[in-house]
Amino acid sequence: MTGAVTHTVSTAVICFELTGQISHILPMMVAVILANMVAQGLQPSLYDSIIQVKKLPYLPELALGHISKYNIFVEDIMVRKVKFLSSQSTYRELNLLLDTTSLKTIPLVDSKGDVHLLYADASILCYVISGK
């Protein structure tokens with residue numbers, strides 16, 4: 001729904017393709033583009049207004065030329081020492097991991113060098129190893 005509201009030109013093109021009525025394409029496209037320009041001029045948008053009224057967290061819009069102010073990279077905030085289980089993990093390592101972590105899900109990998117991840121729910125793992 002949001003895509004239909006914010007990208008009205010593509011919606012108009014899809015409507016013309018579905019109906020096959022191309023005779024009104026020029027006036028309709030002019031009207032859609034003018035309406036889009038007016039909507040862009042009326043800032044903030046409806047969605048931005050709702051976010052501000054409800055005081056929801058949101059990412060700031062990065063204007064051209066201001067991008068250099070935001071020089072935070074993923075590597076600055078990512079966790080580097082991730083605790084995980086592999087197919088070679090022992091029962092002792094599983095118990096130790098469950099006792100020492102507060103994670104609700106635990107990454108599962110095929111081997112220590114594998115980048116494909118699955119996740120297991122920690123409460124289910126505790127249930128399985130407790131034998132109940």
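Here, each number is a calculation from the coordinates, and none is a lab measurement. Just so you know, these numbers come straight off a predicted model, no measurement behind them. Using ideal geometry, Cβ is built from the backbone for each residue, glycine included, and neighbour counts are taken over all protein chains shown.
Compute the label zone of F16 within region 29-47: residues whose backbone N is under 13 Å from the point 7 Å along Cα-to-Cβ. Answer for region 29-47: 29-33. Distances between placed amide hydrogens fall under 5 Å for A120 paired with I106, L108, all partners being 5 or more residues away or on another chain.
Here the simple spin-label model places points 7 Å from the Cα toward Cβ, and for K81 and I25 these points are separated by 6.2 nm. Multiplying the residue separation of D99 and V9 by 0.36 nm and subtracting their alpha-carbon distance yields 26.8 nm.
Could you grab the relative contact order for region 90-132? Cα pairs under 8 Å, six or more apart, rounded to a whole percent. Let's see the in-between values first.
Details: 27 pairs, mean separation 13.7, N = 43.
Over region 90-132, the number comes to 32 percent.
In whole percents, the pair-distance distribution calculated for region 74-130 from its alpha-carbon pairs, binned every 5 Å from zero, is 4, 18, 28, 27, 15, 6, 2, 1. Working note: Debye formula, equal point scatterers on the alpha-carbon atoms of region 2-60, no solvent; log10 I(q)/I(0) at q = 0.12, 0.16, 0.22 Å⁻¹ is -0.41, -0.62, -0.88.
Using +1 on the beta carbon of Lys and Arg, -1 on that of Asp and Glu, and nothing else charged, what's the dipole of region 74-130 about the Cα centre, debye to 20?
Details: 6 positive and 7 negative charges, 28 e Å.
That gives region 74-130 a dipole magnitude of about 140 debye.
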